[in-house]
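Take a look at the structure below.
The values are calculated or read from the model by the stated rules, or taken from the named source; none is laboratory data. The shown structure was predicted, so the numbers you read here are calculated from the model rather than taken from an experiment. So basically every Cβ, Gly included, is an ideal-geometry build from the backbone, and we count neighbours across all protein chains shown.
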Amino acid sequence: MASNMNTELLQKFSDPNQGIYFVGTTPPRASTDDMQMSQIAGKLLDRLSHLDYDGLIVYDIQDESARTDVPRPFPFVGTKDPRAYSQLLAEKSGRPMITYKSVSQRNREEFQSWLDDAWHQYGIRNLVLVGSPSQDADIKLSLNEAYATLEERDDNFALGGVTIAERHAKKGNEHQRLHGKATKGCRYFISQAVYDADATIELLTSYGKQCQAEGTAPQRVILTFTPCGSSKTLEFMQWLGISVPSDISDKIIESNNPLAESIRVCRSNLNRILDACLPLGIPLGLNIESLTNRKDEIEASIRLFKLLKATLEERLQNH
C-alpha cells in the first residue's frame, strides 16, 4: 500500500500541468508517549478529513538559536522522531509523507544508520535534507556530504530540498543552489513560508530563466504559506528568518481581524507569484502550515489551504 501511495505521488510530481498540495506539521514534543502521539495524530487527521490533499510534510525541528543573537520568542522544545510520526500518520491516513531530516548533528556513519532505519523500519520514501542553520554551529556532516552519502546507497529515496527566497534576496544565487541540488538528486523543492512575494518572484524568475537558458526542465517548487494571527506569531516568523515587509506586517497587526487579513495577504501574494511565474513553466505546489499550536491559527490554516488550493487550481486550468 505504501508503495502504491508513493507511486501515485511521484506520478503527480512528474506532471508539470498539475498542482500538488500538502499540509505541513511538526511531531509532538519529545515527552509525548505513544498513546498520546496516536491521539494527536488522530486529531490532526480529523481536522483535515474534509480537505483534498496529496500528503503531509513532517518537519525535523532544530534549535536554531545559533543562527541569530535575537532571543527565541517561544522556547525550543525537542520533538518525537519525525520518522516515527511520519509512519504513524501514513498508517492512519493512507497518504504519502515527506519527512524532513536535519543532517548536521550526526557523522556519516550515524547518518547511514539513520537512513537504514528510515527505509526499512519506518517506511520513509520521500526525504528532504536540511543543513545546519548556522555555519558557526558544530557541523558533523555537511549537506553536500549527506547528498553524496545518499548517492552511494541502493535505496531510492525521492529526495527534495529546501529553498529560501530571503537568501536569494541577500545573495542572488539561490537559483544556482537549486540547480546544484537538482544535480545531486533533488526532484522537488519546498520553500520557507512566503510573505515577501517580490523575493519569491525574483527567485523563481532567476531559476526559470536559468533552466530555459540551459535547456533543462525545472524541478517542482512547493510554496509554503502560513496564517499569522498575532504580533507574537509575527515575531516568531521573523525570528525564523521569514521576511515580512513592514507594510504587510502593519496591515496584519493593525487589522481588526489579523488572521483574516493574513489569509487575504497570502492569497494576494500567491496570485502575484502566479502572474509573474506561470509563464516560466515551473511546476508548482502548495504546502500550508500553522507555526503555532493556537487553535485559531490551526483552524485558519485549514481555511487558507482551501482558498489557496482553489486559487492555484483555477489558475492552472486557465493557463
Query raised in the report: Of the conditions (1) under 16 Å from the mean Cα position of the chain (by Cα); (2) of a type in the set (Ser, Thr, Tyr); (3) not in a loop (DSSP other than H, G, I, E, B), Ser290 fails just one. Which one is it?
Result: (3)
Query - Long-range neighbours under 8 Å by Cβ, at least six apart or interchain, first residue touching a residue at least 40 places away in the same chain (Cβ under 8 Å) within the stretch 269-285, second basic (Lys, Arg) and outside any helix (DSSP H, G or I) - result: Ile282/Arg220; Pro283/Arg220; Leu284/Arg220; Gly285/Arg220
Query raised in the report: Just checking, how many residues over the stretch 220-260 are more than 16 Å from Arg294 (Cβ to Cβ) and without any contact (Cβ under 8 Å) to a residue 12 or more places away in the chain?
Result: 7
Query raised in the report: Could you give every pair whose Cβ atoms fall below 9 Å, whose first residue belongs to the stretch 154-174 and is under 23 Å from Gly285 (Cβ atoms) and modelled with pLDDT of 80 or more, and whose second residue is hydrophobic (A, V, I, L, M, F, W, C) and assigned to a loop (DSSP other than H, G, I, E, B), counting only separations of at least 6 or pairs across chains?
Result: Phe157/Ile124; Leu159/Cys186; Gly160/Cys186; Gly161/Cys186; Ala165/Val194; Glu166/Ile242; Glu174/Ile164
Requested in this report: Hey, could you check the stretch 18-37 for residues that are closer than 11 Å to Tyr85 by Cβ and of a type in the set (Val, Ile, Thr) and say which is surrounded by the most Cβ atoms within 10 Å (Cβ to Cβ)?
Outcome: Thr25
Query raised in the report: So which of Thr200, Thr233, Thr216 ends up being in contact with a helix residue (DSSP H, G or I) (Cβ under 9 Å, 6 or more places away or on another chain), farther than 16 Å from Ala276 by Cα and crowded, with 21+ Cβ neighbours inside 10 Å?
Result: Thr233
Requested in this report: Spot the failing condition for Gly208; the list is (1) out of contact with any helix residue (DSSP H, G or I) (no Cβ under 8 Å at 6 or more places or on another chain); (2) more than 29 Å from Ile252 (Cβ to Cβ), and only one is missed.
Outcome: (1)
Report task. Hey, could you check the stretch 186-239 for residues that are among the aromatic types (Phe, Trp, Tyr) and assigned to a helix (DSSP H, G or I) and say which is modelled with the highest pLDDT? Result -> Tyr207
Report summary line: Leu204 fails exactly one of (1) in contact with a Cys (Cβ under 6 Å, 6 or more places away or on another chain); (2) without any contact (Cβ under 8 Å) to a residue 60 or more places away in the chain, namely (2)
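Does Arg177 count as surrounded by fewer than 22 Cβ atoms within 10 Å (Cβ to Cβ) and under 18 Å from the mean Cα position of the chain (by Cα)? Quick ask: steps written out before the conclusion?
Numbers: surrounded by fewer than 22 Cβ atoms within 10 Å (Cβ to Cβ): yes; under 18 Å from the mean Cα position of the chain (by Cα): yes.
Spelling it out, Arg177 is indeed surrounded by fewer than 22 Cβ atoms within 10 Å (Cβ to Cβ) and under 18 Å from the mean Cα position of the chain (by Cα).
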Query raised in the report: Just wondering, is there one or more residues in the stretch 55-62 that are surrounded by fewer than 18 Cβ atoms within 10 Å (Cβ to Cβ) and touching a Lys or Arg at 6+ places or on another chain (Cβ under 9 Å)?
Result: no
Query raised in the report: Do you know which of the residues in the stretch 180-197 that are buried (at least 18 other Cβ atoms within 10 Å of the Cβ) and among the charged types (D, E, K, R) is farthest from Asn144 (Cα to Cα)?
Result: Asp196
Query - Wholly within the stretch 90-184, strands (runs of 3 or more DSSP E) carrying at least 1 residues that are over 27 Å from Ser14 (Cβ atoms) and not charged (D, E, K, R) - result: 97-102
